[in-house]
Every structure is written in structure tokens, then in C-alpha cells.
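Chemist: I'd like to ask some things about the structure below.
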Amino acid sequence: MSNTAQKRLFPWLTLLLPLSACNRYEMFLVSGHEQVSFSNKVDVLFVTDNSGSTAQYSAAILANFEVFLEDLAEAGAGGIKDPSLTDAVSDYLTYTSQRGRITDFRMAITTTTVDIAGGFTIGADPGESGLIVGDTPIVNRDDVDIAHRFKQNLGCWASCWNGYDMPSDNAYTGVAGDCPFPEDGDATTQYVDCLCNDVNYPEGENWDSGELCGSGNEMPVEAALMAMCRAVDTPPDICYHVDSVFEEEWAGTNGEWLRDDSTVVVVFVTDEGDASEISVGGLYGNSDDEADVYLEAFAQFDRTIKFAAIGPTLDCGEDGLCTTTCSNVLYPPSRTGSMRLKNLADATGGFYNGITAEGEMGDGGNACPTADFAENLSDLGRLLVNLQTAFELNSVPDETTIRVYVDDEEVVRSAVLEENEAGDIYSDGWSYEPSKNAVVFWGEAIPDFNQEVQIFYRPVDGNPRELPF
Amino acid sequence: MMTRILTPLLTLLTVALSGPVHAQEAVDIGVIKNEDVKIVQKLLYPKAGRSEIGFHTAAMPFDAFTFTPAAAFTYATHMAEDKAIEVVLMGGYGMKNGTYKELEGQAYGVAPDAYRFLGSAMVDFQYSPIYAKMNVMGQRIFHHDVFLTGGLGVTYEEAIQPDASSALAPTLGLGAGARIFTGKRYAVRLQLRDDILREKRSKTADTQAWFIKQNVSLVIGVSKLSK
Amino acid sequence: MRVLTLILGASLWSAPAVAQGLNGAPAPTMEQRMEAFAQVTAAMESGNKAAAADELVALTESEEWSMFRAEAYARLAMLLKNLELPYSALIAYSKALAEDPQGVGSEAGKAVALADQVGDQAILEPVFAGNIGLDVDEATRSRMAYLAARENYRSGNLAVAGAMLKMVKPNDPYYPEAKALEGVILSLQDQHGNALAPLQIALATGGRAQRGEIFKATVTLNLARAYYAAGNFPQAAHYWSQIERDDPKWLDAQFERAWAHFRMEDMNGTLGLLQNHVSPYFHDRYYPEAAMLRLYALFLLCKFPEASAQLDAFQAQYRPQQSELLGVTAYTKTDTFDQIRRHIDDGRSDLPKMVTLAFESEDRIKDSIGAVSSAEGEIARLRNVGANVFAQTAMDWVNERRGEIIETEGGRILRRVKKMETELSEMIANSDVTKLDLMQMESRLFERASFTGKMPEAKRRVKRKVSARVTERKWDWQGEYWADEVGYYRVDTTPECPENMMQGS
């Protein structure tokens, strides 16, 4: 029988099949779903390690925070620092006419300490069990002194300076309210004095108190969960999981940090990985590093949450297996704990950067120098901005099958208008970024917030998950 | 090998199909046998020479990804008691079912290239060899018939994905049903029909364009026969 | 003034004057009349109707004024009618007419009207039966003729009845009934051919007069019977088939039709019709003759085992029925009437269905029950004025009449029951003998079959193939009775009689 005849005959032979409606459909993958409101609100939570080994990392953040803010401004987050009238008007026009291009962020800081036994009191102190720190714990995009307030919260409440070999510089000229970071890149006692000059510590305490140093059991993921539980008036059931430290009266104690329809970005900064195990009040099994258990926990808050981590440096092979490297000799991080942070970041489209750079000694041996936090914070800035233009895909797509719809209207593929080393310039529409495995929107096609985005595509290598049929 | 199977099979068939042996007649002499008696009744609900108009509601619940409520209008001409030609116009709207919604949710992120049923027009030949009656709860007797249908037509469908590409598919319809007569001119109709479409789907034209799809529907309605 | 009042009173209350005296005696004078009715007139003048009625009663009992008895009855009837005692009035009229039909013949119309009102026409039948030549108007004569005919028919005077029916006018309200009765009478006189025309006329006029389904069914039945008696069996069968399936007489029609088919030697047709009677729906009915007919048909087809089974079924069904009927014959006429009355009023009675069924749709018994009810109502009203003489007299009359009706009708029912019981006893007694004969025939049949190894060549007596038209459906019989199938059975069986086993050989 000829091929043509077979092709003609075969469909009709299916009449012999039992009449049981076993219809066959081709499967497309889809990113984006109905509940996503593509909001430009981003609520950022820094979960910083305030154990004794992390002072240099706090200093690195303090040193590079302005860079972070500048990156946000350039990438379209709206001019923030010292806006001129022209800048302000320009921002206003951009905001009102292209609201999707302005990321409305607010930031808060807590620590990796979940245990409430330490601190200034026997109860939960700022930074413990997810409680955000600072006299003004929430730092908004529109605040005039955004940098000072953020750095004050970080440097005066969420850092452990006690026992840190901090240099002194009597020539420091900063005054309260205007405390530039020392130019040599090291935090000095005078700098921190200036930064924390107007902070309301308990009587007899200051930024050097040992009570500001957290427990040695870093549980950044559980701390982030506790912070979310504190941020809502009606905490979901997961907040009361077995051995959880959360108490009912803590609901709403993280004030106005979490907004409706916002995307949450949790940034972990730690050199120890995560120890949120069941035995100590977390949810992970002992050697469990898969993201599922905490993804399901955070899913109960019914909003998009992305994770980014600046954590123990990992050396990952092509097979996906990673090992820790450049670790602290005295307090080496666990591979499992580090992988927990990495898997969370990977599963939610965030990033995982090493907290240390490659050193001369390579892995093992002496500790490596602190990584370039300017670059880390730049990555964070891009993450915040890209939230509004990029949509990650779950699988690598057959590019020719990608179709994009915003509110059921098809969006055409962009054409490259100009090639540029800093980044190609596209016409209005969408393009596919293989490096991020994401569909990126350009120009007028960038969805406004609350618009439904759906991206259909056929995966190159099959469905990523087993289907329930 | 074949003989070993055939011989016992033929024997079985012979035994099964054989009637009573001649010797049995000696036992039944001098009596009125059941086969001697017949009941001849006027056909209470004749169909020959009459036309039939029906309005029906239908549902297609068997598809893996869609559920379709539909409504149908039928017009039939009965050439004989057991033969009729019928035109069926059906309209509906296929919707995503729970499985589809679960699949396209965050957990799976899969969107089947399912097509929603919008309408069909069929011309069926109806063969109703069975005319029966049933006694319900020992109280009332309902007469009903059983019919088979087969026909050709077209079905119009549209992709559920936002591209909404359409497909006009040639269709073969098969079905079976029953009419329960409730009055001289009225009947309740129940039918199961399977419309087999050959459908072209544009989004997968490069890998596979043509698909065989079965729209299996349960139809219930009321029809009125002309005088 | 008094004279004028007297004259007026006389004119208002005057009964028809008797032109001649009774029995050839000289006619009474006006003075005698005035003297006889003086007290009555006086009472009427004073407005005392009750007293007037009392006086009239006294007059009817007076030997001295016996020549005015009929007139007194007539006047009393008028007075009682005015006193709203119609039954008493009717009885008074009947007495007046019986006393002097010629003298009060002009009141016949009023009497008939009262008879219609109370539902007791039978009271006048004996009077009119012998006095059809009264001087009345045509309409009244026509009514009288019908009533007279009925009386003569009941008395067996068929010729007289037939002659009287000829006097019923086409515009008489009972014309259809009269024609129907004429047909029956002619048929009873073996003038079957002549009976057909009146029956057809009855059917047509009854339809035009909207007589109803029961009348139509009764006349159709009689037509069928007339054709049967005339030997026109196909036509008889046709008319029996006209009886609707929901008519009370349907089962009777099927049985009689079975006889027509039997006479046409169509045993299959007979068996098909009688299949209804042996269905479990009618086991409480009285159709022993149907069972016997079926048995006979089976016999003629040489279906001896089946006939034997039929005989066993007959005995099993009818022995208890016979006992039941015997029990009913012990009732008194009054009890019997009461039972049938209760059955028709509210369905409760001790009489078996096989007895009550025949009367459920019978006009005569319904009229009688109505008349008895009217009588009882009037007796109750008369008790309220019981102090008066006339009331007591009227009460006696009405009570007596009520008793007569009850006795007549109760007796009629009892005679019927006795007849049924006697008939059944004979059949059951004979059936034992028949059973022996059947067993013999059965044995011969089996012997023959076992000897030859096969059934002998049978002669098909009637060729019948059960076929259904396009507008019909044919259902197989599997021994299961469905209520909607009763009446639609067709039997197609072959006789099993070899040539030398024909009946009588």
C-alpha cells in the first residue's frame, strides 16, 4: 500500500476504534496564568545573616547600595536619588503614561535568626523570627533618604559588628544624616557611629552589642516564611506548621511592608546556607534540598514570590551537581544548605551568586575574598526591573512555536532595530532570550499591570513534569 | 491447528442454533402452544408518512479537556415505520473542563491544543427496527422504539487557545437512541451519538495537521410528530 | 258572592266531569257532586288544604259516593301535587286511572309527568296496558303506548306490546327506546329479519338524541343477536365487534361473537375470542358457558389434553362460584334489593361481582332505586304532617309502593341468581361426565401417536394465518398476560384430528 494511500486510509480506519472519544491533542506548554496580576509593585525582603562571620558582607552591601539604586534608576525604575525638577517631571510623565515601566519597590530587612531566645529581650526582637528591623523598617521608592534609611536598618540592626576587627578612622567627616561610606571600602567605627547616631537602641545598648548578633543556626528560608506570616492579618495554616515558632499575635506585625498585588522578592545574604530543618522548626528533611516543600508553603500566600541568593559560592558541573567552594575554614557551609537556596532561586527565576570570589588558593584552604557586591546588587536591580518585562519559561521551547498573548490579544514578535553591545534594541513586541529562557517584552508591548499574559510553546525536549492523565 | 479450533467451534454453534428435536413434538400434542397464539394490536404510535420536529439539549462530557453543553434541532421525515431521514442542527460551546484548567495552571503549565465545538449540521439515516413496550411498576405501559442512525455532515470548531483558529471538519455521525411515546404525537427522545470528525489544526500543521476527533454526545429532547 | 266563590272554586278544582256513570249506571248529577264534595270545597275555601285532603281521602273510602271515587282520587292527586308530595300524587293518579280510566283519562298526561319526576313509570304501566284507547292528546298517547308496551312485554304479551309500540310517535322522547324494544320483540317472535330495521332505527335515532354509549351498546348487541338468530353470522360478528373495549358489555359481546365464529366453524377465531375469558383478569366473572364453548372448540380440534385442562380450570373456578351463588339465593328480596342498592350507591355490598355486574349499567334497577329513594324522601316529609288523615293514608300508599318495588326488583334479582346457580350446578354435574369422555379421547390420541410414531395427517378445518397490517403490530405470546393485550388475541392452531377420529367415530 502506498504511503499516500496509507495516509488517506489510516484516519478512516480509526472508525474501528471503540467509540469512546479518545481524542488526541498536541500539548503546548504555557507560561503565565490567570491569577497573575502583572503588577509593578515589588516588595523586597532582605534576609541577612547576622552571625559573627558576616560583618564583612554587611559592609559590602553598605558600600554598594548606591550602585544598586542607580541601577534601578537606569533600568527604568524611575529616578530616585537627588532628582532635579526635569527628572521629576520626566519620571512623572513616564509613570503616568507608561506605568508598567516604573517599578514601585519597597524594601525591608530581617535576619536569618528564627530563634527568639537571644536579642535584647526574651521575646521576639527585631530581626528575630522574621520581624523586620529598624526605626522605620519599610523603605519606599519615594522616600527622600531611601539610601540612608536602608543602610541604617542594615548596618545598625541587622549586622553583627560585635567581635569584628573594625578599623578606625579619626579623619572621618560624616555627620548624622549624611554618612558616606569610607572610600577605602572598609567600614570604620566612625562610619558606623555616624550611621547609627540617631537610632533608638534600648538603654545602654549600641550597634556593637552582642545581642544584635544572631544564633549560629542560620534559617534564612524559615525566616522569610515567618516574615511573610507576620506581614498578613490572617496568616495561612503553614505558619502554624509543626514546631513553628510563629504565634497568632504576631500576625500583622510586619506592618505595611506587604502590599496587595505585589510581587515579592526575597534576597538571602548568608555565608552558611540554610538550616531550616524539621528538627529545628523548619520544613526541610535532613538531607532534603528540593524547593518543593517551601514553594508549596509560600504558595499559600497566593502571590508571586521570587528568591535570589547571595550565598556560599558553588562550583557546579555540567551535570548540575554543585559543590561548595571558597568556604569559610572555621565555619564551612553545608552543601545541602547552599543547594536549598540555589534551588529556590532557580525554581522561581531568581539568581544565585556566590558571596565570595575565587581566591588564589582555589576551593578549600583559605577563605576567598568577598565577592563584588556591586555586581550582586546590579543583578538584583535587573531582577526587580525585569519582573515587569520578562516571563520565564519552564522548558526550553521550540522557538518557532512560541505564541504570546496579552489579555487574549496576540503580541507579534519583535524585530531587531539596532544591534548593540550593551543590549540589542527591539521594535515593539516580544523576543526570546535563550540565556534566561524567557520571553521579553519591548516597547509598547510591555504589559500593563493586571494584564493577563499567556505564552504558548512546544518544548524541545518533552514535558518537564508528569501529567495527571 | 485451524481444524482443532474449528471443529469444536462448529459443534458449539450447531448446538446453540439447533431448534427443538422432532421427538419433543410428541410431548406437545393436543395443547395450544404459545406459538399458536399471537396478539395483533393496532399500532398505537405509527410513524410512517409523518414528519417529526424535535428540540433537544445535549452534552459532550467525554472529552479529556472540554465539556460542551449544546442544543439541537431535528427534523425527520419517516418514509416507513422503520426508516427515516433526519436533519440535525446542533449548536454548543465547548469549555475548558477541570483537567484543562489544572493542566494550564502553575503546577503543570500545559495547554492542550483542544478545539471547542461550536456547531454541526448533519443529515442522518435512521433505522428503527425495534418497537417495544414496557410495563412500569405494574401501573402504566409505555411504548417506545429503538433506532440507529448514521449520517454525514460538517462540524465547525474553534481552538480553545487564544489564537481561536477555526476548523470546518467533514463528519461521520453514528448513533443509537430511543423514542418513548408519551402521547399520540409526542415522544421523549434519548440518544447517544458519536460524530467522528476529520479536523485540520493549523498550529501543528508542520508536524501533524489532520486529526480524527470524536464528539460523543448525550442528547435528550422532545419531539412532535405531525398528524 | 258565596255563589261566585263556589263557582270559582268549582272551576279551579274541577276534575273532568264523568259523562257517564260507572258500569253503566246513570251519570251523577251536579247536585250530587256538590253534595259529595261539599266538605272539600268548604275546606278549600277556607284555605285549609290539609283538611281538604282529609275530606278527599274520606270520599275515596265512602261507599255512598263510590261513583265519585275516581274523581276524588284525581282531585286528591292534584292537591297532593300542590302540597309537594309528588309520589303520593302519582299513586293517587294511578288509583284514579285504575278506577275509571275513561273518566280521568285526561289526567293521564299529568300522571306520566309525575311518573317521570319520581322515576317510577312502572306504576302506570299496568293501567295503560289495558287502556291505551283513552281520550288523550297524541303526545300523551305516545307516552302511554310505550309504557303499555313495556308492561305487555314483561307480561309476555308480545303481540300486544308490538302493536302498542307502533303508536309511539317519532317525536316521542322515548322513540329510540320504543324502536329498540320493537326490534327485541320481533326477534323474540322469530321475525329476526323484520327485527333489524327497528333496531337500526333505534341506533340512528338514539345517536341523534344523544342517548349515550350504554344505549348504543345495548342496541348494537341486540342487532348482533338478531343477525345471529337470522343466521347471518358474519354480520353478527361485525356488530359484536363494534362494542368498545371499555363498555360494560364488552366481555359479553366477545363471548357471543365467539359463538358466531363457532357457528362459522372458525375454531381458531372462537379460541382467540375466548382467550379473553380465561385470562386472569376475569376469574371473578360468570361465564361458564364461555368455558364450555372453549372446551367444545378444543374438543372439535381434538386438543383433548387442552380441553381436559380447560375442564379442570372450569371446575376449579366455578365450584366456589356455585357455592357463593347458593349463599345468595338464601337472601330475602328486601336484603337483595338493599345489597344491590348499596353496591350501586357506594360500591359496598356483600353480593359477589358476578351478580352485581349485570345491574351496574341497567337503567331499570337504577330507576327503581331512584323511585325507592323518592318514596323514602316523601315518607319522611309526610311524617312531619303525620297528624293529618291524608298524610297517614299517603304514607301508607307510598310505603306500599316502595315495598312493591323492592319486592319486584329484589325478586327479579333473586330469580336471576337462582337461574345462574341452577345452570351452573347442571354444568358442573355434567362436566364430570365430560371429563371421562375427554380422558377416553385423550388416550386414543396418544395411542395413535405412539403406534404410528407420528401424528396422523390432520385436516385443517379453517385456514387462518395470523398476519398484521402495516398499521398493526404482532406480538408473540409467551404465556404472559398484559392488560393492554386483552381483546387482541389471535389463535392459529391446527386441528389434531385424523380422519378416523372425527367427532362421533
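Chemist: With of a type in the set (Gly, Ala, Ser) and outside any helix (DSSP H, G or I) as the only criterion, which of C:Ala96, C:Ala122 stands out?
Modeler: It is C:Ala122.
Chemist: The conditions are (1) modelled with pLDDT of 95 or more; (2) more than 9 Å from chain A (Cβ to nearest Cβ), and B:Ser165 fails exactly one of them. Which is it?
Modeler: Here B:Ser165 meets the rest and fails (1).
Chemist: If you check B:Ala71 against the conditions, is it in contact with a strand residue (DSSP E or B) (Cβ under 7 Å, 6 or more places away or on another chain), at pLDDT 95 or above and within 20 Å of B:Lys227 (Cα to Cα)?
Modeler: For B:Ala71, the condition - in contact with a strand residue (DSSP E or B) (Cβ under 7 Å, 6 or more places away or on another chain), at pLDDT 95 or above and within 20 Å of B:Lys227 (Cα to Cα) - is not met.
Chemist: Kindly indicate which of B:Tyr131, B:Tyr108 is without any contact (Cβ under 8 Å) to a residue 12 or more places away in the chain, aromatic (Phe, Trp, Tyr) and on the phi < 0 side of the Ramachandran plot. Write out each step before concluding.
Modeler: Values: B:Tyr131 fails: without any contact (Cβ under 8 Å) to a residue 12 or more places away in the chain.
Selected residue: B:Tyr108, the only one of B:Tyr131, B:Tyr108 that is without any contact (Cβ under 8 Å) to a residue 12 or more places away in the chain, aromatic (Phe, Trp, Tyr) and on the phi < 0 side of the Ramachandran plot.
Chemist: Pick from B:Ala169, B:Ala176: which is surrounded by 20 or more Cβ atoms within 10 Å (Cβ to Cβ), part of a strand (DSSP E or B) and among the aliphatic types (A, V, I, L, M)?
Modeler: Numbers: B:Ala176 fails: surrounded by 20 or more Cβ atoms within 10 Å (Cβ to Cβ).
On inspection, the qualifying residue turns out to be B:Ala169.
Chemist: Ok, one more. Check whether at least one residue in the stretch C:395-405 is more than 27 Å from the chain's Cα centre (by Cα), over 30 Å from C:Pro280 (Cα atoms) and modelled with pLDDT of 90 or more, and report yes or no.
Modeler: Scanning the stretch C:395-405 turns up at least one residue that is more than 27 Å from the chain's Cα centre (by Cα), over 30 Å from C:Pro280 (Cα atoms) and modelled with pLDDT of 90 or more.
Chemist: I need the full set of residues from the stretch A:133-146 which are in contact with a Phe, Trp or Tyr (Cβ under 6 Å, 6 or more places away or on another chain) and in contact (Cβ under 8 Å) with a residue 60 or more places away in the chain, in order please.
Modeler: Going residue by residue through the stretch A:133-146, those that are in contact with a Phe, Trp or Tyr (Cβ under 6 Å, 6 or more places away or on another chain) are A:133-134, A:138-139, A:141.
Those that are in contact with a Phe, Trp or Tyr (Cβ under 6 Å, 6 or more places away or on another chain) and in contact (Cβ under 8 Å) with a residue 60 or more places away in the chain: A:Ile138, A:Arg141.
Chemist: So, B:Asn215, is that one within 14 Å of another protein chain (Cβ to nearest Cβ), among the polar types (S, T, N, Q) and under 12 Å from the mean Cα position of the chain (by Cα) or not?
Modeler: Criteria met by B:Asn215.
Chemist: Can you find, within the stretch A:262-296, the residue that is modelled with the lowest pLDDT among those that are part of a loop (DSSP other than H, G, I, E, B) and either hydrophobic (A, V, I, L, M, F, W, C) or not assigned by TED's automatic domain parsing to the domain that holds A:Met107 (or both)?
Modeler: Looking at the filtered set, the residue picked out is A:Ala291.
Chemist: Scan B:Glu81, B:Glu102, B:Glu35, B:Glu25 and give me the residue that is under 24 Å from B:Leu174 (Cβ atoms), at pLDDT below 95 and within 10 Å of another protein chain (Cβ to nearest Cβ). I'd like the intermediate steps shown before the answer.
Modeler: Details: B:Glu102 fails: under 24 Å from B:Leu174 (Cβ atoms); B:Glu35 fails: under 24 Å from B:Leu174 (Cβ atoms); B:Glu25 fails: under 24 Å from B:Leu174 (Cβ atoms).
It is B:Glu81.
Chemist: Pick from the stretch B:44-59 the residues that are in contact (Cβ under 8 Å) with a residue 60 or more places away in the chain and of a type in the set (A, V, I, L, M, F, W, C): which of them is nearest to the other protein chains (Cβ to nearest Cβ)?
Modeler: Of everything passing the filter in the stretch B:44-59, B:Leu44 is nearest to the other protein chains (Cβ to nearest Cβ).
Chemist: Here is a follow-up. Being buried (at least 18 other Cβ atoms within 10 Å of the Cβ) and assigned to a loop (DSSP other than H, G, I, E, B) is the filter here, so list the residues in the stretch C:326-348 that pass it.
Modeler: Scanning the stretch C:326-348 gives a single hit, C:Tyr331.
Chemist: Same structure, new question: Of the residues A:Ala158, A:Ala176, A:Ala187, A:Ala171, only one is surrounded by 18 or more Cβ atoms within 10 Å (Cβ to Cβ) and more than 30 Å from A:Asn40 (Cα to Cα); which?
Modeler: Working: A:Ala158 fails: more than 30 Å from A:Asn40 (Cα to Cα); A:Ala176 fails: surrounded by 18 or more Cβ atoms within 10 Å (Cβ to Cβ); A:Ala171 fails: surrounded by 18 or more Cβ atoms within 10 Å (Cβ to Cβ).
None of the other options fit; the residue is A:Ala187.
Chemist: I would also like to ask the following. Within the stretch C:125-185, which helices (runs of 4 or more DSSP H) (wholly inside it) include 1 or more residues that are charged (D, E, K, R)?
Modeler: C:125-129, C:138-155
Chemist: So C:Gln210 passes all but one of these: (1) touching a residue at least 24 places away in the same chain (Cβ under 8 Å); (2) surrounded by fewer than 20 Cβ atoms within 10 Å (Cβ to Cβ); (3) closer than 20 Å to C:Pro248 by Cβ. Which condition number does it fail?
Modeler: Going through the list (1) touching a residue at least 24 places away in the same chain (Cβ under 8 Å); (2) surrounded by fewer than 20 Cβ atoms within 10 Å (Cβ to Cβ); (3) closer than 20 Å to C:Pro248 by Cβ, C:Gln210 breaks only (1).
Chemist: Now, a different point. Can you find, within the stretch A:190-205, the residue that is nearest to A:Ala60 (Cα to Cα) among those that are surrounded by 15 or more Cβ atoms within 10 Å (Cβ to Cβ) and either at pLDDT below 85 or not aliphatic (A, V, I, L, M) (or both)?
Modeler: In this case the residue turns out to be A:Tyr191.
Chemist: Follow-up. Got a number for residues in the stretch C:258-307 being within 13 Å of chain B (Cβ to nearest Cβ), closer than 19 Å to C:Tyr489 by Cα and either acidic (Asp, Glu) or in contact with a Gly (Cβ under 7 Å, 6 or more places away or on another chain) (or both)?
Modeler: 3
The values are calculated or read from the model by the stated rules, or taken from the named source; none is laboratory data. Being a predicted model, the structure only gives us computed values, none of them experimental. Here the Cβ is made from the backbone with ideal geometry for all residues, glycine too, and neighbour counts use every protein chain on show.
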